[in-house]
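> Have a look at the structure that comes next, please.
The values are calculated or read from the model by the stated rules, or taken from the named source; none is laboratory data. Treat the numbers as computed from the prediction; the structure is a model and nothing was measured. Note that each Cβ is placed from the backbone with ideal geometry, even for glycine, and that neighbours are counted across all protein chains shown.
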């Protein structure tokens, strides 16, 4: 017989220990006296007759009623989990002359749980329970007492959604018991594997490729789901879920959900099965060319946004892509999210259909007229315009013509005479400038502008201003080994070759002049196409000497030659 005096004494001796330690000591004493205990004669059923703040009064059919501490009935939230009329099982711990019998529901539940484990066959036995919570490394399971279920033992393929296991009732295998430490380790996986093994071979014999089967979703992953076909798992890949786009399998599938699928591939030897749900449905793409002919306007809902475009659902399983380049005639769209939002209802135009790759190209801008078709008429070549500088690059700057229409002024079209490396060296963003339309490319949506074309090219006037034989004066701007560059006017330079610097041999132009010097020279030639003027100082000296000579000779006789005539004659003689 159970020595309840020893049990009560143990409780008094360890009353300062926590509940788990008390339970362990109690279990140890109970185990020692288990052989003497008669068949549950001290675990009594009773009816709750009163519920107080500190005590629950229980009618156990004896002359006196029993008292159970109310704390044994409070749940995790402190709420009372018993009411009048409930039939409960309690253990009589001792008899109190004043209060009657002192009872314990907690001890009765504890002893009943260990009896249950013993009846299950100790380690290796099967016991029923409920997963109640998560702890480090696994879960807690209520089997009358709290047991531990490692994460690796919760399922054959544990789900990443661990919350889905909370509240799950089932059968568990006892894999480890340490009663003295009140430690029980369970495995749900072992039970599932044994159940699967018993029906696996039968299921495999029935399965064939192409067969339509029923299954239950066991586990959902980022790439698909595992489906229990009856002791055998099949893989349902996300690409075979729907003819349309599926972002995440978890959006449409849940563990425990029943589905109908088609066996796509079946390796009987390895037991590997590939499943498809969309293959059980009619392929909506087969009728796409008839339902969505190129050029038609269609409406749809934006279901996904990428950097390069937006996917629009035209109907269930049918989606088209609006590329960013097809979103606006005038705006440079960098991201689809700058124009559209998921859920937007949009009207588009079918631009193309690629049946082998199941792709439909859509256009958003094609719903409205292309303003570029009228630009050539509004701004023919030669038109003067005025606009703000919208943007600058290394190669030029963009000027706003009208809403969404910009024209490009290339750096080479900014000045006839200056070498501009970057527009920012001369202009500022937002500055109002004038320009001339040079070319309109409607097909490529480009408008070329020029600023220098507002004025005549000074080189086009050079042949009239710098005829052969004209004496000019200019400032030295550059010295090289082969000659001296002289600026005749802004943007117009002439070259005095080293051979034309002096009648005497000059080794280097740097020995002849310095930058900033003013030099007088004679124009030998002017080529506006090549933007080149050749000058000579040597010819100036030669002509001057000849003029002096002829003037001297004229003083001896009659002569009507002028200095200019003599200079030209000298140059002509030199050229001949």
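> Any idea which residue in region 395-419 is surrounded by the most Cβ atoms within 10 Å (Cβ to Cβ), counting only those that are outside any strand (DSSP E or B) and touching a helix residue (DSSP H, G or I) at 6+ places or on another chain (Cβ under 8 Å)? It would help to see each step written out before you state the result.
Initial filter on region 395-419 (outside any strand (DSSP E or B)): 395, 403-404, 411-419.
In the following step, the residues that additionally are touching a helix residue (DSSP H, G or I) at 6+ places or on another chain (Cβ under 8 Å) were identified as 395, 411, 413-417.
Details: 395: 12, 411: 19, 413: 19, 414: 22, 415: 14, 416: 18, 417: 14.
Of everything passing the filter in region 395-419, 414 is surrounded by the most Cβ atoms within 10 Å (Cβ to Cβ).
> Grab the strands (runs of 3 or more DSSP E) fully contained in region 436-521, keeping just those with 1 or more residues being within 30 Å of residue 387 (Cβ to Cβ). Write out each step before concluding.
On the way: elements: 446-450, 471-479, 483-489, 492-497.
Fully inside region 436-521 and qualifying: 446-450.
> Now, a different point. Among the residues of region 447-459, write down those that are loosely packed, with under 14 Cβ neighbours inside 10 Å and either free of Cβ contacts under 8 Å to residues at least 40 places away in the same chain or out of contact with any strand residue (DSSP E or B) (no Cβ under 9 Å at 6 or more places or on another chain) (or both).
The initial filter retains those residues of region 447-459 that are loosely packed, with under 14 Cβ neighbours inside 10 Å, namely 454-456.
Selection gives 455, 456.
> Answer yes or no: is there a residue in region 110-129 that is part of a strand (DSSP E or B), modelled with pLDDT of 85 or more, outside the structural domain of residue 56 (by TED's automatic domain parsing) and buried (at least 17 other Cβ atoms within 10 Å of the Cβ). It would help to see each step written out before you state the result.
Within region 110-129, the first condition is being part of a strand (DSSP E or B), and the residues that meet it are 126-129.
The next check asks that each one be modelled with pLDDT of 85 or more; those that pass are 126, 128-129.
Checking the rest, the ones that are also outside the structural domain of residue 56 (by TED's automatic domain parsing) come to 126, 128-129.
Imposing the further condition that a residue be buried (at least 17 other Cβ atoms within 10 Å of the Cβ) reduces the set to 129.
Within region 110-129, one or more residues are part of a strand (DSSP E or B), modelled with pLDDT of 85 or more, outside the structural domain of residue 56 (by TED's automatic domain parsing) and buried (at least 17 other Cβ atoms within 10 Å of the Cβ).
> Does any residue of region 147-154 turn out to be part of a loop (DSSP other than H, G, I, E, B) and buried (at least 18 other Cβ atoms within 10 Å of the Cβ)? Let's see the steps before the verdict.
Taking region 147-154 as the starting set, the residues that turn out to be part of a loop (DSSP other than H, G, I, E, B) are 154.
Pick out the ones that are also buried (at least 18 other Cβ atoms within 10 Å of the Cβ) and you get 154.
Yes, that holds for at least one residue.
> Being more than 16 Å from residue 317 (Cα to Cα) and either touching a helix residue (DSSP H, G or I) at 6+ places or on another chain (Cβ under 9 Å) or assigned by TED's automatic domain parsing to the domain that holds residue 440 (or both) is the filter here, so list the residues in region 348-361 that pass it. Step through it out loud before you land on a result.
Initial filter on region 348-361 (more than 16 Å from residue 317 (Cα to Cα)): 348-352.
Answer for region 348-361, where residues must be more than 16 Å from residue 317 (Cα to Cα) and either touching a helix residue (DSSP H, G or I) at 6+ places or on another chain (Cβ under 9 Å) or assigned by TED's automatic domain parsing to the domain that holds residue 440 (or both): 348, 349, 351.
> If we scan region 224-241, do we find a residue that is touching a residue at least 40 places away in the same chain (Cβ under 8 Å) and in a loop (DSSP other than H, G, I, E, B)? Steps first, please.
From region 224-241, those touching a residue at least 40 places away in the same chain (Cβ under 8 Å) are 226-227, 229, 232-236; that's our starting set.
Adding the requirement that they be in a loop (DSSP other than H, G, I, E, B) leaves 229, 232.
So far as region 224-241 goes, yes, one or more of its residues are touching a residue at least 40 places away in the same chain (Cβ under 8 Å) and in a loop (DSSP other than H, G, I, E, B).
> Scan region 305-317 for residues that are part of a strand (DSSP E or B), over 11 Å from residue 348 (Cβ atoms) and under 23 Å from the mean Cα position of the chain (by Cα) and jot them down. Step through it out loud before you land on a result.
Within region 305-317, the first condition is being part of a strand (DSSP E or B), and the residues that meet it are 305-306, 309-315.
This time we only want the ones that are over 11 Å from residue 348 (Cβ atoms), so: 305-306, 309, 311, 313, 315.
Within region 305-317, 305, 306, 309, 311, 313 qualify.
> From the list 171, 157, exactly one residue is in contact with a strand residue (DSSP E or B) (Cβ under 7 Å, 6 or more places away or on another chain), within 29 Å of residue 224 (Cβ to Cβ) and assigned to a loop (DSSP other than H, G, I, E, B). Which is it? Quick ask: steps written out before the conclusion?
Values: 171 fails: assigned to a loop (DSSP other than H, G, I, E, B).
Selected residue: 157, the only one of 171, 157 that is in contact with a strand residue (DSSP E or B) (Cβ under 7 Å, 6 or more places away or on another chain), within 29 Å of residue 224 (Cβ to Cβ) and assigned to a loop (DSSP other than H, G, I, E, B).
> Could you please let me know if residue 104 is at pLDDT below 75 and within 16 Å of residue 144 (Cβ to Cβ)? Walk me through how you get there before you give the answer.
Values: at pLDDT below 75: no; within 16 Å of residue 144 (Cβ to Cβ): yes.
No.
> Scan region 179-217 for residues that are within 23 Å of residue 128 (Cβ to Cβ), buried (at least 19 other Cβ atoms within 10 Å of the Cβ) and touching a residue at least 60 places away in the same chain (Cβ under 8 Å) and report the count.
Looking only at that region, the number is 2.
> If you go through region 507-516 one residue at a time, do you hit one that is touching a helix residue (DSSP H, G or I) at 6+ places or on another chain (Cβ under 6 Å), surrounded by fewer than 18 Cβ atoms within 10 Å (Cβ to Cβ), touching a residue at least 40 places away in the same chain (Cβ under 8 Å) and at positive phi? Steps first, please.
Of region 507-516, the ones touching a helix residue (DSSP H, G or I) at 6+ places or on another chain (Cβ under 6 Å) are 509.
Among the residues that remain, those that are also surrounded by fewer than 18 Cβ atoms within 10 Å (Cβ to Cβ) are: none.
No, region 507-516 contains no residue that is touching a helix residue (DSSP H, G or I) at 6+ places or on another chain (Cβ under 6 Å), surrounded by fewer than 18 Cβ atoms within 10 Å (Cβ to Cβ), touching a residue at least 40 places away in the same chain (Cβ under 8 Å) and at positive phi.
> When you scan region 288-304, do you find a residue that is touching a residue at least 40 places away in the same chain (Cβ under 8 Å), in contact with a helix residue (DSSP H, G or I) (Cβ under 6 Å, 6 or more places away or on another chain) and under 25 Å from residue 252 (Cα atoms), even just one? Even if it seems obvious, please write down each step before you answer.
Going through region 288-304, the residues touching a residue at least 40 places away in the same chain (Cβ under 8 Å) turn out to be 288-289, 292-304.
Imposing the further condition that a residue be in contact with a helix residue (DSSP H, G or I) (Cβ under 6 Å, 6 or more places away or on another chain) reduces the set to none.
So far as region 288-304 goes, no, none of its residues is touching a residue at least 40 places away in the same chain (Cβ under 8 Å), in contact with a helix residue (DSSP H, G or I) (Cβ under 6 Å, 6 or more places away or on another chain) and under 25 Å from residue 252 (Cα atoms).
> For region 55-81: of the residues being in contact with a helix residue (DSSP H, G or I) (Cβ under 9 Å, 6 or more places away or on another chain) and at pLDDT 85 or above, which is farthest from residue 113 (Cα to Cα)?
Only one residue tops the list, namely 55.
> Of the numbered conditions (1) surrounded by 14 or more Cβ atoms within 10 Å (Cβ to Cβ); (2) within 36 Å of the chain's Cα centre (by Cα); (3) at pLDDT below 90, residue 362 satisfies every one except a single condition; which is it?
Result: residue 362 passes all but (3).
> Restricting to region 242-273, count the residues that are surrounded by 15 or more Cβ atoms within 10 Å (Cβ to Cβ) and not in a loop (DSSP other than H, G, I, E, B).
Result for region 242-273: 9.
> Does region 408-425 include one or more residues that are more than 26 Å from residue 493 (Cα to Cα) and under 38 Å from the mean Cα position of the chain (by Cα)? Full working, then the answer.
Restricting attention to region 408-425, the residues satisfying the condition of being more than 26 Å from residue 493 (Cα to Cα) are 408.
Of the ones still in play, those that are also under 38 Å from the mean Cα position of the chain (by Cα) are 408.
Taking every residue of region 408-425 in turn, at least one turns out to be more than 26 Å from residue 493 (Cα to Cα) and under 38 Å from the mean Cα position of the chain (by Cα).
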